[in-house]
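The values are calculated or read from the model by the stated rules, or taken from the named source; none is laboratory data. Since the model is a prediction, treat every value here as computed from it, not as a measurement. Because the Cβ atoms are built from the backbone with ideal geometry, glycine has one as well, and the counts that use them run over all protein chains shown. When the accessible area is computed, the model is the full protein with side chains, heavy atoms only, and any ligands, DNA or RNA have been set aside. Shrake-Rupley method; radii C 1.70, N 1.55, O 1.52, S 1.80 Å.
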Amino acid sequence: MPHPDTLLLFDYSGTLSLEMPRFARPASLRRALAESGLAALGVATPAQFWEGIVNPTWVEGSTTQAGYGRVMAERILVLGMAQGASSGEVAAAAARFVARYLETARIAPGWRPLLARLSERQDIGVIIATDHYAEATGMIIAALETWGIPAEPVGEACAPPRGGGAPVRRPVIVANSADLGSWKTDRAFWEALRARLPAERVRRLLLVDDFGANETAGDGYGGEPARIAARQEQTRATLRKVFRANVEIIPFALAEDQAGEDRGERLIAETALKVERFLAEG
């Protein structure tokens, strides 16, 4: 299998998955907290969830193999929120919440045709780059394989292709901050990713990312337009330094009229055309 000189990078939450940030909206989040049993343990409001649980544990949860369920359960116990509940009951409620979250956070169906076409090409590499908990790596891989699209965690990305004879699809690489030990805003994330890719020079790189534009305000990542624009330019500069390649970016920001029932399918279709145009110009 030849090494690609063109890389396509896709963000996950807010880009490939439109439901992941929607899950964090107040009404949806309150419902998930109640139905998982976390509300009965003292985590009943979005403020308690973000300020008490998620934000204080985000570093450990997203840059280590600890996992979402474990850091959440440990934080609840440390704060003494679950009066009278055993550690097992807290862990079970956290596990139910995480399972619901991951089940909701699937890749939007509109991306399937593009991702399937890209995986058939031997001259490009496709990478899903995400800041996430450890559980997300397997979830993303399983979702792609359900569509018949092979995928591998970044640590296995250079493994020899299995089988012989018939053409082999190039696996999509899932690069998760929990596996790489740092966030996408840090140069260390991209350096760790580059070190796990074939040594041949990358000539062109395209990134599709919302840069937090589609995230809910409470998670600490979404922000005002100036902050989002600064994040985009910082990422562009970092990618150029690490990969020594020409870098193009397609911002994936939902407009107000795209945030309703169409679930962003129109924006996905427009973005897919831009990706195809980028490849055609190569």
Residue satisfying all of: in the range 147-161; modelled with pLDDT under 50 and open to solvent by less than 60 Å² (accessible area, probe 1.4 Å); nearest to Ala134 (Cα to Cα) among these:
Ala157
Can you name the number of the only condition in (1) modelled with pLDDT of 95 or more; (2) open to solvent by less than 30 Å² (accessible area, probe 1.4 Å); (3) at negative phi that Gly67 fails?
(3)
The range 119-136, subset more than 23 Å from Thr235 (Cα to Cα) and touching a strand residue (DSSP E or B) at 6+ places or on another chain (Cβ under 8 Å), residue surrounded by the most Cβ atoms within 10 Å (Cβ to Cβ):
Ser119
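Inside the range 81-100, can you point out the residues that are open to solvent by 30 Å² or more (accessible area, probe 1.4 Å) and either of a type outside the set (Asp, Glu) or touching a residue at least 60 places away in the same chain (Cβ under 8 Å) (or both)?
Narrowing the range 81-100 to residues open to solvent by 30 Å² or more (accessible area, probe 1.4 Å): 81, 83-84, 86-89, 91-92, 95-96, 99-100.
Of everything in the range 81-100, those that are open to solvent by 30 Å² or more (accessible area, probe 1.4 Å) and either of a type outside the set (Asp, Glu) or touching a residue at least 60 places away in the same chain (Cβ under 8 Å) (or both) turn out to be Met81, Gln83, Gly84, Ser86, Ser87, Gly88, Ala91, Ala92, Ala95, Arg96, Ala99, Arg100.
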Exactly one of (1) modelled with pLDDT of 90 or more; (2) surrounded by fewer than 22 Cβ atoms within 10 Å (Cβ to Cβ) is unmet by Glu215. Its number?
(1)
Within the range 267-282, can one find any residue that is modelled with pLDDT under 95, assigned to a loop (DSSP other than H, G, I, E, B) and either surrounded by 14 or more Cβ atoms within 10 Å (Cβ to Cβ) or in contact with a helix residue (DSSP H, G or I) (Cβ under 7 Å, 6 or more places away or on another chain) (or both)?
no
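If the requirement is being part of a helix (DSSP H, G or I), within 27 Å of Leu115 (Cα to Cα) and open to solvent by 10 Å² or more (accessible area, probe 1.4 Å), which of these qualifies: Glu103, Glu51, Glu74?
Within the list Glu103, Glu51, Glu74, the selection yields Glu103.
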Go through the range 224-244 and count every residue that is buried (at least 18 other Cβ atoms within 10 Å of the Cβ) and closer than 25 Å to Pro198 by Cα.
5
Within the range 106-118, residues touching a residue at least 60 places away in the same chain (Cβ under 8 Å), part of a helix (DSSP H, G or I) and open to solvent by less than 60 Å² (accessible area, probe 1.4 Å) come out as Gly110, Trp111, Leu114, Leu118
